[in-house]
Amino acid sequence: MRRRQFLQLAGTTCAAGIAAVYASRSNAFRASGNSPRATDAAAFAAMRRFADVPFGRIAYVERGTGDAALFLHGAPLNGFQWRGAMDRLCQHRRCVAPDFMGLGYSQIHARQSLAARDQVAMLAALLDTLAMPAVDIVASDSGGAVAQLFVAHYPERVRTLLLTNCDVEPDSPPPKVKPAIDMARAGTLATTTAKWLHDKALARATFGKAVFSDPSHFADETIDYYFAPLVSSPLRRAQYEAFHIALVPNPLAGIEASLKRSRVPVRIVWGAADDIFSHADADYLDHLFPRSEGIRFLPGAKLFFPEEFPDVIAAEAMRLWRVA
C-alpha cells in the first residue's frame, strides 16, 4: 500500500473509531459519557508497525492525519500507555506512539546503548523515517526526560511540549527509582517483573498501587502487554535491565541553560498524589521554560494517570495546540 493511501485509510479508521467528538474540558477527570470506546490490547497490537533505523527496528503505533504528535511513554511501559489519549486526539493530529529502546516491542541490537541521549537520536531517526519534520510532544516519566533532551537538541522540531510527572535536572533519577536501578544492576529486576505476569493480583498490589490511583483498573491484558516483551528472551531481559542502569548518571545534567532559552510553549499536568516526582519538580519546570503555560495539579492522581484519565490529556493537549 502506498503511503498516501495508508494515511488516508488511517484517518478514516481514526474517525470511524471515535464514538463521539471529545467534549469534556472540565476540571473533573472522570471518563466522560461522550468518551470514545477504548482501544484494547489486541486492537493496539494489530496497529503496531516497525521502522528500520540504525538503532534497530522501532515499534510504533500511528493513528490519524495532519500535524504530527509524538507520545513518549514511561518505564516499564510502552506506547500502549497513550491509547486513550490517541483515541481522543487522532482526529486532530497524526499521533505516533513509539516504544523506547529496551522497553516495549522495539527490537534493538545487542550492543546498542540505551542511554537517554541515544533514545533522543533514535527518535530523530524515527521522525525522519516517518517524514515528520516537527512534532507536538506529549511525555511522561522517563519519557519526559527524553522529551526535554529532544527539545534541547532539536528545538526546531518541537512545536509544543506537554509534560506529566517526570524527571527534572535536580531530581533525576528520583530516590524512589533507585531501588529498581539497584535490582537491575543485581540482575533481579526482570525476575521480579516476570512474577507479575504470573500473578496479576501481585502486580496490582505492588506496581499498580504505586503508580495508579485505582490499581483495580490495571487490567490483566494491560499487564501482559506491558511486561511480556520485557522478559520474552535473555536478550530482552538484559536490555530491560540495561535501560534502568542507563538512568545513572543523571541524563539531564547540564541541560538547564538550554531549556531556559527554549521558545517552545509548554504545559505541565501533574498527578498530585504521586510520591515519586514531587510538586517541586512541577514548579521547577514551570519556572524553567520561558513559555510555560502553567501547571494543572490533579488531586488523587499518581504517576501514570495519563492511562487512567486520558480525557485530561486530550483536553490539555487541545488547549496547548489551540484546537477549538
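Some values worked out for this structure:
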{"quantity": "Residue under evaluation GLU169, criteria (1) in contact with a helix residue (DSSP H, G or I) (Cβ under 6 Å, 6 or more places away or on another chain); (2) closer than 18 Å to PHE71 by Cα, criterion not met", "calculated": "(2)"}
{"quantity": "In region 184-204, the residues that are within 23 Å of the chain's Cα centre (by Cα) and hydrophobic (A, V, I, L, M, F, W, C)", "calculated": "ALA184, LEU189, ALA190, ALA194, TRP196, LEU197, ALA203"}
{"quantity": "Residue under evaluation LEU259, criteria (1) touching a residue at least 60 places away in the same chain (Cβ under 8 Å); (2) over 14 Å from ALA75 (Cβ atoms); (3) out of contact with any Phe, Trp or Tyr (no Cβ under 9 Å at 6 or more places or on another chain); (4) surrounded by 13 or more Cβ atoms within 10 Å (Cβ to Cβ), criterion not met", "calculated": "(3)"}
{"quantity": "Residues of region 63-107 satisfying the condition of being of a type in the set (A, V, I, L, M, F, W, C), buried (at least 24 other Cβ atoms within 10 Å of the Cβ) and in contact with a strand residue (DSSP E or B) (Cβ under 6 Å, 6 or more places away or on another chain)", "calculated": "ALA69, LEU70, PHE71, LEU72, TRP82, MET86, LEU89, CYS90, CYS95, VAL96, ALA97, MET101"}
{"quantity": "Residue match in region 276-288 (condition: β-branched (Val, Ile, Thr), under 29 Å from LYS209 (Cα atoms) and touching a residue at least 60 places away in the same chain (Cβ under 8 Å))", "calculated": "yes"}
{"quantity": "Region 284-314: number of residues that are over 17 Å from the mean Cα position of the chain (by Cα) and not in a strand (DSSP E or B)", "calculated": "10"}
{"quantity": "Pairs where the first residue, in region 69-83, is without any contact (Cβ under 8 Å) to a residue 40 or more places away in the chain and the second is assigned to a loop (DSSP other than H, G, I, E, B) and of a type outside the set (S, T, N, Q), C-beta under 6 Å, 6+ apart", "calculated": "GLY79/HIS73; GLY79/ASP99"}
{"quantity": "Qualifying residue in region 86-107 (condition: within 18 Å of PRO54 (Cβ to Cβ), part of a loop (DSSP other than H, G, I, E, B), among the hydrophobic types (A, V, I, L, M, F, W, C) and in contact (Cβ under 8 Å) with a residue 60 or more places away in the chain)", "calculated": "yes"}
{"quantity": "Selection within region 134-153 - within 17 Å of ASP67 (Cα to Cα) and either modelled with pLDDT under 95 or surrounded by fewer than 23 Cβ atoms within 10 Å (Cβ to Cβ) (or both)", "calculated": "ALA134"}
{"quantity": "Single condition VAL231 does not satisfy, out of (1) under 24 Å from GLY144 (Cβ atoms); (2) modelled with pLDDT of 95 or more", "calculated": "(1)"}
{"quantity": "Residue among ALA186, ALA131, ALA210, ALA205 that alone is surrounded by fewer than 17 Cβ atoms within 10 Å (Cβ to Cβ), out of contact with any Pro (no Cβ under 6 Å at 6 or more places or on another chain), aliphatic (A, V, I, L, M) and at positive phi", "calculated": "ALA131"}
{"quantity": "Among the residues listed as SER232, SER278, the single one being closer than 21 Å to ALA75 by Cα, under 20 Å from the mean Cα position of the chain (by Cα) and surrounded by fewer than 19 Cβ atoms within 10 Å (Cβ to Cβ)", "calculated": "SER278"}
{"quantity": "Any hit, region 114-125, residues being over 23 Å from PRO265 (Cα atoms), surrounded by fewer than 23 Cβ atoms within 10 Å (Cβ to Cβ) and touching a Leu at 6+ places or on another chain (Cβ under 7 Å)", "calculated": "no"}
{"quantity": "Yes/no for ASP274 being of a type in the set (D, E, K, R), in a loop (DSSP other than H, G, I, E, B) and under 16 Å from LEU163 (Cα atoms)", "calculated": "yes"}
{"quantity": "Test: residue in region 229-246 that is out of contact with any strand residue (DSSP E or B) (no Cβ under 8 Å at 6 or more places or on another chain), in a loop (DSSP other than H, G, I, E, B), polar (S, T, N, Q) and over 28 Å from LEU161 (Cα atoms)", "calculated": "yes"}
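The values are calculated or read from the model by the stated rules, or taken from the named source; none is laboratory data. Fair warning: this is a prediction, and the values are worked out from it, not measured in the lab. FYI the Cβ positions are ideal-geometry reconstructions off the backbone, even for glycines, and counts take in every protein chain you see.
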